[in-house]
Amino acid sequence: LEKRKERRIRIMNKDMKLNAQAALGNIALTITTFAVTAFIIGPENPGYSTNLGPILGLLGFLQTVTYMRIIAGSMRLYGEEDTLFVGSARAAYVVAGAGLVTTLAPTFIANSPFPSDIDANTMYDLGQAIQNTIFIVGAVWIINMVRIDNGKLSSWAKTAGLAQGYGSIVALFGLYFGVIPASIFIPAVVLFGIVLYPVFIFGLSKAFSNA
């Protein structure tokens, strides 16, 4: 019995270390993807980029995979006792899985030797729209995680998580209803998605490491 317990503990420790590594990888991928999209391609070039599209697709694929690993790890870290947290985590995982499909699809369409009724630009735009839903559901997951936290997260991580969660929801629904201009939305994306989100995920990686 003791050996089984020790084995379970070793597996748990290894799993949490992998979750921590996935969190750090997700931060790097998130920042890199944004930097390529915003500063190399630029907002003046919307749609699928024939030059950097394959690279962005792979970055998005890895970013989503690590994100899904973090969500699954959070359920392992906090358990499945709180129904709101579990529901939001499962919803975030499923929605992220749907978004995963759209990360590589534009390049497959662009480079396919076969004719298609859907072009790469259309699929890319669809993927971007789906990302907004992923962000909303993810924000609800983060808010619920902070709500049930019992000391695993640092105070700065919880503050960043709540600011990111509520701020993202407000900004994205403002975009949804057409009441927020691009001049405000783009800085909001930088603040909530490129500053506060990585700060929170870094705090979560620390929680994984210490579990």
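Just a few scattered comments:
- Applying the condition of being among the β-branched types (V, I, T) and out of contact with any helix residue (DSSP H, G or I) (no Cβ under 6 Å at 6 or more places or on another chain) to region 166-189 and asking which residue is least open to solvent (accessible area, probe 1.4 Å) yields V189.
- From the options V195, V140, V179, residue that is closer than 22 Å to A35 by Cα and of a type in the set (A, V, I, L, M): V195
- Residue count for region 138-156, restricted to those that are open to solvent by 30 Å² or more (accessible area, probe 1.4 Å) and assigned to a helix (DSSP H, G or I): 5
- Only listed residue being open to solvent by less than 20 Å² (accessible area, probe 1.4 Å), more than 15 Å from V140 (Cβ to Cβ) and either over 15 Å from the mean Cα position of the chain (by Cα) or polar (S, T, N, Q) (or both), chosen from T50, T64, T107: T64
Residues are listed down the side, and each one gets a yes or a no for (1) in a helix (DSSP H, G or I); (2) closer than 22 Å to I186 by Cβ; (3) in contact with a Ser or Thr (Cβ under 6 Å, 6 or more places away or on another chain); (4) hydroxyl-bearing (S, T, Y):
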residue: K17; (1), (2), (3), (4): yes, no, no, no
residue: F34; (1), (2), (3), (4): yes, yes, no, no
residue: S74; (1), (2), (3), (4): yes, no, no, yes
residue: A98; (1), (2), (3), (4): yes, no, no, no
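- Candidate set from region 1-23 (those that are closer than 15 Å to S74 by Cβ and among the aliphatic types (A, V, I, L, M)); member that is farthest from the chain's Cα centre (by Cα): M12
- Any hit, region 109-129, residues being among the small types (G, A, S), part of a helix (DSSP H, G or I) and either in contact with a Lys or Arg (Cβ under 7 Å, 6 or more places away or on another chain) or within 18 Å of G25 (Cβ to Cβ) (or both): no
- Scan of region 110-131 for residues that are small (G, A, S), in contact (Cβ under 8 Å) with a residue 24 or more places away in the chain and open to solvent by 40 Å² or more (accessible area, probe 1.4 Å), ordered by number: A110
- Any hit, region 195-203, residues being more than 18 Å from the chain's Cα centre (by Cα), of a type in the set (F, W, Y) and part of a helix (DSSP H, G or I): no
- For region 6-37, the candidate set comprises residues that are without any contact (Cβ under 8 Å) to a residue 12 or more places away in the chain and open to solvent by less than 60 Å² (accessible area, probe 1.4 Å); within that set, the residue that is nearest to T122 (Cα to Cα) is A35.
The values are calculated or read from the model by the stated rules, or taken from the named source; none is laboratory data. What you see is a predicted model; the values in this text were computed from it and never measured. Note that we place each Cβ from the backbone using ideal geometry, even for glycine, and neighbour counts take in every protein chain shown. The accessibility values were calculated without ligands, DNA or RNA, using every heavy atom of the protein model including side chains. Shrake-Rupley method; radii C 1.70, N 1.55, O 1.52, S 1.80 Å.
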